Amino acid sequence: MNYEFESNEEFSEKLDNEDILSEFRNKFYVPNNIIYMDGNSLGLLSKDAENSINRIIKEWKQNAITGWMTGDKPWFYLPEEIGKKCAQIVGASENEVILTGSTTVNIHSMISTFYNPQGNRTKILADELNFPSDIYALKGQILIKGLDPEKELILIKSDNGRYLNENKIVESMTDEIALIFLPSVLFRSGQLLDMQYLINEAHKRGILIGFDCCHSAGVIPHEFNKWDLDFAVFCSYKYMNGGPGSTAFLYINKKHFDKKPVLSGWFGCDKNKQFNMDIEFKHARNAGGWQISTQGLLSAAPVESALDIILEAGMNNIREKSKKITSYLTYLVDVFLSKEPYNFKIGTPIDPEKRSGHISIEHEKEAVRIGKAMLDNKIIPDFRPPNIIRIAPIPLYNTYHEVWEVVQILKKIIDLKEYKNYSKGREIVS
Ligand SMILES: *Cc1c(COP(=O)(O)O)cnc(C)c1O
């Protein structure tokens, strides 16, 4: 798709007028007088999600423990119900997705089930650009099996610190690899890997493969079933807008339902028998078998209404707007910010089909201070070391005009040398 853009302000308003998702912004609490471009790290609160939290508080007040089995939405089955909704978003069967745990815990859980080193096949294939927590979990899982992470974890290298080459990943799929675990999207550069291709190539070689979809779930349509993906994990607080630290998801292909949940817990029982309190663990033959503990309802309920909004908007519409609004941003960066004295570079694939929902703009020397100046100019981006400012215009609540403003403010920060007013140190959470 080639977009035809113009760089004047009126054109941004025209794009907003043509935007079929523009009404969805009204469902969210968009912070006053702030341009929020960080929904890839923490999605905004919607009124619907707030109502769901209030519903749980009311039910707790009125029903106390009977809330587990009474009311319109008994708490006991909520993770399955929310899993069903999520399954529609990621292209899975309804019993293949469950709301449970957190991303990192779910990685531990999935790897403990799927990593079975045997004979020559003892290694896990991952990549050096993945989110650190994923790598920590993989190393921990290798240790639990009594093996040495230095030997058994193979990290695919990047040529340029930004992108991975899918063909190079395939070349690394040797007969020593027992399991592959990769991100769908690289969190710094936003590169979207060709998941279907990698799944096919892994399976041709008899290797199981899972993905961390934190940076694609809710902004990119997936077809887990069609692709025959073995398993996936993802959080619900980024593009899914489920709330800070909200409960995460895991997907497990139905052909693996007989595999053993190794991080097992009583909520993984067949729910009709859980309260028999049998000490023999028989896990539910669905994704729910990988639940561990009593689900925290206050961090689960908002996810449901957040997903309803995504379903109402439609994943394809979300993706279309995401591709267009990020392309608009790269266009404006190119027009206003790529030359002297601005010197910003795009560190994200230029082809919108090959990227997710954020654009990384790199500034070799001054990214930290520019990021701080953006905050004082009422823009919230985020910063990733060493020199990356990530800007995420979110299809459900950001406008084209906001994108135009962000670029003008960046231009002003350089024109007036505003960044010079700040120190070079970084904040703890960025
Ligand atoms: C956001 C993110 C996480 C976060 O993990 P938590 O367990 O929720 O803290 C992990 N991995 C990736 C790839 C992420 O993008």
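Every number here is computed from the coordinates shown, using simple stated rules; none is lab data. No experiment lies behind these values; they were computed from the predicted model shown. Cβ: placed from backbone, ideal geometry, glycine included. Neighbour counts: every protein chain shown.
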Candidates Leu143, Leu21, Leu155, ranked by Gaussian network fluctuation over the chain, Cα under 10 Å, top entry: Leu143
Quick one: which of 26-33, 396-403 comes out on top by average Cβ neighbours within 10 Å, and what's the full order, highest first? 396-403, 26-33
Proximal lysines to Lys378, defined as alpha-carbon separation beneath 21 angstrom and excluding residues fewer than eight positions away on the same chain: Lys238, Lys411, Lys412, Lys417, Lys420, Lys424
Report for the range 123-196 the percent antiparallel among DSSP-assigned beta bridges with both residues inside it, nearest 5. 10
Per-residue counts of other Cβ atoms within 10 Å, averaged by peptide: what ranking do you get for 68-78, 107-117, highest first? 107-117, 68-78
Considering only DSSP beta bridges where both residues belong to the range 51-312, give the percentage that are antiparallel (nearest 5). 40
Listing Ser423, Ser133, Ser360 from the residue with the fewest other Cβ atoms within 10 Å to the one with the most, what is the order? Ser423, Ser133, Ser360
Is the chain best put as rounded, prolate or oblate by its Cα gyration tensor, with a ≥ b ≥ c the root eigenvalues, rounded for a/c under 1.5, and otherwise prolate when a/b is larger than b/c, oblate when not? oblate
By how many degrees, 0 to 90 and rounded to 10, does the Cα axis of helix 132-144 deviate from the longest principal axis of the chain? 20
Per residue of the range 24-36, what does 6.51 cos²θ - 1.76 cosθ + 1.60 with θ = phi - 60° give for ³J(HN,Hα)? Whole Hz please, x for Gly and Pro, Karplus curve as stated. 5, 4, 5, 7, 10, 8, 8, x, 4, 6, 10, 9, 8
Relative to the longest principal axis of the chain, what angle (0 to 90°, nearest 10) does the C-alpha long axis of helix 47-63 take? 40
Suppose only helical runs count, i.e. DSSP H with n ≥ 4. What mean residue ellipticity at 222 nm does that imply for the chain under -39500 (n - 2.57) per run, divided by all residues and rounded to the nearest 500 deg cm²/dmol? -10500 deg cm²/dmol
With point charges of +1 on the Cβ of Lys and Arg and -1 on the Cβ of Asp and Glu, referenced to the Cα centre of the range 51-312, which listed residue (Gln291, Tyr115, Leu307) lies farthest in the positive direction of the dipole? Gln291
Length-normalised contact order of the range 195-285 in % [C-alpha pairs under 8 Å, at least 6 apart]: 20
The alpha-carbon center of the range 54-78 and that of the range 270-296 are separated, in whole Å, by 20
Any chance you could give the angle, 0 to 90 degrees and rounded to 10, that helix 301-313 forms with the longest Cα principal axis of the chain? 60
Taking a cut-off of 19 Å between Cα atoms, list the aspartates and glutamates near Lys27, but don't count ones fewer than 8 places away on the same chain. Asp16, Glu18, Asp19, Asp38, Asp48, Glu50, Glu304, Asp308, Glu312, Glu402
Take the residue pairs Lys139/Lys282; Lys323/Lys345; Lys85/Lys168; Lys61/Lys282; Lys73/Lys259 and return only those whose Cα atoms are more than 26 Å apart. Lys139/Lys282; Lys85/Lys168; Lys61/Lys282; Lys73/Lys259
